[in-house]
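Each remark here refers to the structure printed beneath this line.
A short reminder: the numbers here are calculations on the coordinates, not readings from a lab. Keep in mind that what you see is a predicted model, and the values were worked out from it rather than measured. Glycine gets a Cβ as well: all are built from the backbone with ideal geometry, and neighbour counts include every protein chain shown.
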Amino acid sequence: MKFAKTLALTAALGALASGAAAEMKIGMITTLSGGGAGLGIDVRDGFMLAIEQSGRDDIEVVIEDDQRKPDIAVQLADKMVQSEKVDVLTGIIWSNLAMAVVPAVTAQGKFYLSPNAGPSALAGKGCHPNYFNVSWQNDAFNEAAGTWASENGIGKVFLMAPNYPAGKDMIAGFKRFFKGDVTEEVYTKLGQTDYAAEIAQIKASEADLVYYFLPGGMGISFMKQYAGSGAEKSVMGPAFSFDQGILGAIGEAALGVKNTSHWSKDLDAPGNADFVASFQEKYGRLPSLYAAQGFDTGLLLASAAGKADVADADSFRAALKEADFQSVRGDFAFGANNHPIQNIYMREVVKEGDVVTNKVLGVAATDHTDAYAGDCKM
C-alpha cells in the first residue's frame, strides 16, 4: 500500500533530520476507501496535525487502509504487530472492525487508542488496561438524545440504525433514557444506499420523531431520499449522521435537524478555535468531529510520550490515564474503564453564509459516563 509507506517514510525522515531516532512507532489502521472513507481520512488528518503541532520528532506513523473489512483489518493488525513492530495502534472507525482487532492487539501487550469506535463489549466485560477510548462509548450521544427528547415533549419515536454492533448500541442508548413509546425499531444493512422501504414505513408510522444513526454515505443517501419523499416527521440523531462531511453532501435538506455531539466547531473550549483554523488552513476544509477525535488522540499520545517511555508499559499506561492534554471538546477525563467522562451538547443544523453546518444549542448531558463501566473488572 504505497500511501502508507510514503507517510511512514515522511514521519521517519523528520526524526532523522534532527539526528534523533524514532522512539515510538504508531500503527494507524483506518478506512481510506469506499463509502466510509471520509471518516477515516478526517481521523488520519486530525491525528497527523496533532503530531505535527506537538513538535515531537521521535514518533513514526505507519498508515494502512482497512477498506471497512474486518478480515483486512485483522491482517493489517497482525502485520503491524509482528512485522512492523509498532508500539501503539489506533485509527479504526467501525465497531465490528474494532471487535475483530482490539482484543487480539491488547492481548499481545500493545496499546490501542480508539479515535472513534466505542462498542459496549469493550467498555464492560471486555475492557483492558491497554485499551483507551478517546472518543465516546457508542451509547453516549444517544443517551443524551433520549433524555432531550423526553424532556421536550416527544411521545413516539421511529428508530433506525445499521445492523452491526454500533447500530445496536446507539439504539440501546436512546431507549435507555427515552420515556416515550417506540413505534418501530428498524435495522438496515450496513452500507445500504436505498431507503425507499424504510421511508415508506416512516410515513405510515404514528411516530412524532425519526431518530436514526446512519454514518458516512448511508446518512447522505437516507437524508437526501427522505427530504425528497415528502415525509414531514421531524428528524434527530447522533452527530455521526449530521457531521460536517455529511452536511456538505446533504446541503439544505438537513437544516433544522438537531443532533448530539461532544464537540462542535463553534464550541467555546480552550484551543478549539485554533484547531479549527489550523485544520482548515492545512487541509482546505472545515474539520468534522472525526477530525477533532483524531486530533485529541494525537494530543493524548504526544502528552504520554513526553512523560514516559512506551517500553515501560506501566509508566506509559499511567501517563495515558492522566489524560494530561487540552481536549478541543473542553473538559476530558478517563473513567474507571478508560472511556471518557465528558459533556455532550445538543446542536442544530444551520446555514452560515453558503455553508451548511452545526451550532451548539446547549448542554444535553454534563460529565457523561457510559453505562458499562460497572462491568469492567481491571
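Estimated from the Cβ-Cβ distance and a Förster radius of 35 angstrom, the FRET efficiency linking Leu361 and Ala196 is about 0.65. For Asp66, the residues whose modelled amide H falls within less than 5 Å of its own, excluding neighbours fewer than 5 places apart on the same chain, are Thr30, Thr31, Leu32. Couplings 3J(HN,Hα) of region 136-151, computed from phi: 4, 8, 3, 6, 4, 4, 6, 4, 5, 5, x, 5, 4, 4, 5, 6 Hz, in residue order, whole Hz [Karplus 6.51 cos²θ - 1.76 cosθ + 1.60, θ = phi - 60°; x for Gly and Pro]. The value of relative contact order for the chain, using C-alpha pairs under 8 Å at least six residues apart, is 18 percent. Structure remark: mean-square fluctuation, Gaussian network model of the chain, C-alpha springs under 10 Å; the largest value among Gln326, Gln137, Gln75 belongs to Gln75. Per residue, the average separation of C-alpha pairs within less than 8 Å and at least 6 apart gives region 265-378 a relative contact order of 21 percent.
In plain terms, the chain from Ile341 to Lys125 could stretch by 75.9 nm, reckoned as 0.36 nm per residue minus the Cα-Cα distance. Gain on full extension, evaluated as 0.36 nm per residue between Leu286 and Val350 minus their Cα-Cα distance, stands at 21.6 nm.
Summing Lys and Arg as +1 and Asp and Glu as -1 over all other residues whose Cβ lies under 9 Å from the Cβ of Ser303 gives a net charge of -1.
By other beta-carbon atoms within 10 Å, ranking Phe174, Phe222 with the fewest at the front produces Phe222, Phe174. Coupling constants for region 280-289 follow from the phi torsions by the Karplus curve (6.51 cos²θ - 1.76 cosθ + 1.60, θ = phi - 60°), and in residue order they are 5, 5, 6, 10, x, 8, 5, x, 9, 5 Hz; glycine and proline get x. Between Lys321 and Glu23, full extension at 0.36 nm per residue minus the direct alpha carbon distance yields a gain of 105.2 nm.
Net charge near Ala161, counting Lys/Arg +1 and Asp/Glu -1 over other residues with Cβ under 10 Å of its Cβ? Combined, the nearby Lys, Arg, Asp and Glu give -1.
Exposure proxy for Tyr164, Tyr212: other Cβ atoms within 10 Å of each Cβ, ordered fewest to most, give Tyr164, Tyr212. The relative contact order of region 109-184 comes to 33 percent, based on Cα pairs under 8 Å that sit 6 or more residues apart.
Residues Phe178, Phe213 in ascending order of nearby Cβ atoms (within 10 Å, fewest first): Phe178, Phe213. Can you list residues from other chains, or at least 5 along the same chain, whose modelled amide H is less than 5 Å from the amide H of Ala333? HN-HN under 5 Å from Ala333: Ile341.
Can you tell me the FRET efficiency between Ala311 and Tyr187 if r is taken as the Cβ-Cβ distance and R0 is 56 Å, rounded to the nearest 0.05? Efficiency computed from Cβ-Cβ geometry: 0.80.
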